[in-house]
1. Provide the packing ranking of 178-188, 41-51, i.e. peptides ordered by the mean count of other C-beta atoms within 10 Å per residue, highest first.
2. Can you give the local net charge around F59? Use residues other than it whose beta-carbon is closer than 12 angstrom to its beta-carbon, Lys and Arg +1, Asp and Glu -1.
3. For every helix of n ≥ 4 consecutive DSSP H residues, a contribution of -39,500 (n - 2.57) applies; sum these over the chain, divide by its total residues, and give [θ] at 222 nm rounded to the nearest 500 deg cm²/dmol.
4. Specify whether the C-alpha gyration tensor of the stretch 168-241 places it in the rounded, prolate or oblate class, a ≥ b ≥ c being the square roots of the eigenvalues: rounded for a/c under 1.5, otherwise prolate if a/b is larger than b/c and oblate if not.
5. By per-residue mean of other Cβ atoms within 10 Å, what is the highest-first order of 140-152, 14-26?
6. Given a Förster distance of 22 angstrom, what is the FRET efficiency for S37 paired with F104, based on the Cβ-Cβ distance and rounded to 0.05?
7. Relative contact order for the stretch 186-298: what percent, with Cα pairs under 8 Å and sequence separation of 6 or more?
8. Using 0.36 nm per residue of separation minus the Cα-Cα distance, give me the extension gain between I45 and V298 in nm, one decimal.
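Values quoted throughout were computed directly from the atomic coordinates according to the rules given, and no laboratory measurement underlies them. Just so you know, these numbers come straight off a predicted model, no measurement behind them. Cβ placement follows ideal geometry from the backbone for every residue including glycine, while neighbour counts extend to all protein chains displayed.
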Amino acid sequence: MRTNEFRIIEEMYLSLHVILVIILLNEAFPLYASAGSTFVKVFAILFAIYVAFKVIYHFMNNTYDGDLDNRSNNTLMTIIDGLFFLMFIVINIRGSYYFIHFYFLFQVLQSIRFATGGSLFFTIYTTLLYLSTEIFYDINNINYGNVFSTIVILFVTNYIIKFSLGDIKNLGLERHELYNELKDKNEELSRLANTDYLTSLANHQSFYSLYEGMKNAKPMSLALFDIDNFKNINDTYGHLVGDVILKELSSILKRHVRSSDFPARYGGEEFAVIFPNTNLKDAIKVCERIRESVENHVFDSGENKIKITISVGVDSMETLDCREENDLEFINDVDSLLYRAKKEGKNKVVSPCI
C-alpha cells in the first residue's frame, strides 16, 4: 500500500471522528430540545477540540513513511480514541441511542491503520470496550447470545482483515521486487550502452556526453592518448595480445587520475581523459606521469613481455578565451596536438605551451 492510500484510510478514520463530534454536539446542545447535562456539554467540547487538533495535525504533517508495517501512528492516542468512543456510546445510551456499529467501524479502521501486526490487539481492545458498554447498559439483563455473536463477528472481521492485508502486503512485496529487478536491468543496460566492453572505461558516445556536460566548467582540460606503433604489436603478437595491452593501459589510466576525472576509450588504441576544474599546467603533470608509467611498465600477455610507449596531446578550455574557435574545434585541436606528438618522435606529451 502506498502513502496516498494510507492518507485515505486516515481521512476515513478522521471522518468517523467528525461524525461522532456532530452527533455528540447535537446531543449536548440540541436545537429543539432542552440542553444536555453539564457533563455531556464539557465532554462534547473537549472531544471537539481533540478531533480538531487531530485533523489539523493530519493535514499539516505526513504521518506515514509508505511502509505497511512501519507507520508512525501513535498507539496511545488511538487507545484514547477508543475511550472517547466508549464515552460517546455510553452518553448516547442514556438518550436511548445505541451506536454499536461504530465499534465495528472503529475496529476495521484501526486494524487497517496498524496493519496485520496490530489487528488482533485492536480487536481485543474493541471487544473490551463493547463489553464495558454492555455491562454499563444493564448488567442484570445482558443478552449473552447477542454478546457472544457480536464478539465472534469482531474476531471474524479481524481474521478477514488480517488475511486480506497479508495478501495485499505480499502483492506489494512482489511488485516491489519486480520493480527493483526491472530497475537493476535498466541500470545494467544503461551501463553497457555507455561502457567499453574491453576496458570497462566510458565509450566514445559516453565521452561526448560527459564532454558536453562539462565543457563550460572552466578550467577544464582534455588529453588524448595514443599507443605508439600499436598496429605493429597486433601484426606481431596478434589481436589477443593487443587486447591485453589495452586492458592494462586502461588500468594505468585509472590509477593515475582522480575520482572526479573521466577516462574513456576514444576509439581503437586511443584514449581520452577529461580533467574538470584543472588548468593546463596540472593536466600536463598528470599526463607526464601517465606517459612515464606506461614507458616503464612491462605488459605481460603470458607468453610475451612487451614494453610500449604512448603519445599525448593535451590542452585546456581556458586557452579558448584567447582564440577564435568553438568547443568542438577544441577537440580537433587536442587531436592535432596528439598528431604532432607522434610526428615529432612519439613517446611525448605535447601542449600549446610546448
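1. 41-51, 178-188
2. Net charge in that neighbourhood comes out at 0.
3. Dividing the helical sum by the residues of the chain leaves -22500 deg cm²/dmol.
4. The shape class here is oblate.
5. Ranking the peptides 140-152, 14-26 by packing returns 14-26, 140-152.
6. That pair, S37 with F104, gives E of 0.20.
7. Once divided by the residue count of the stretch 186-298, the mean separation gives 35 percent.
8. Stretched fully, the I45-V298 segment lengthens by 82.3 nm.
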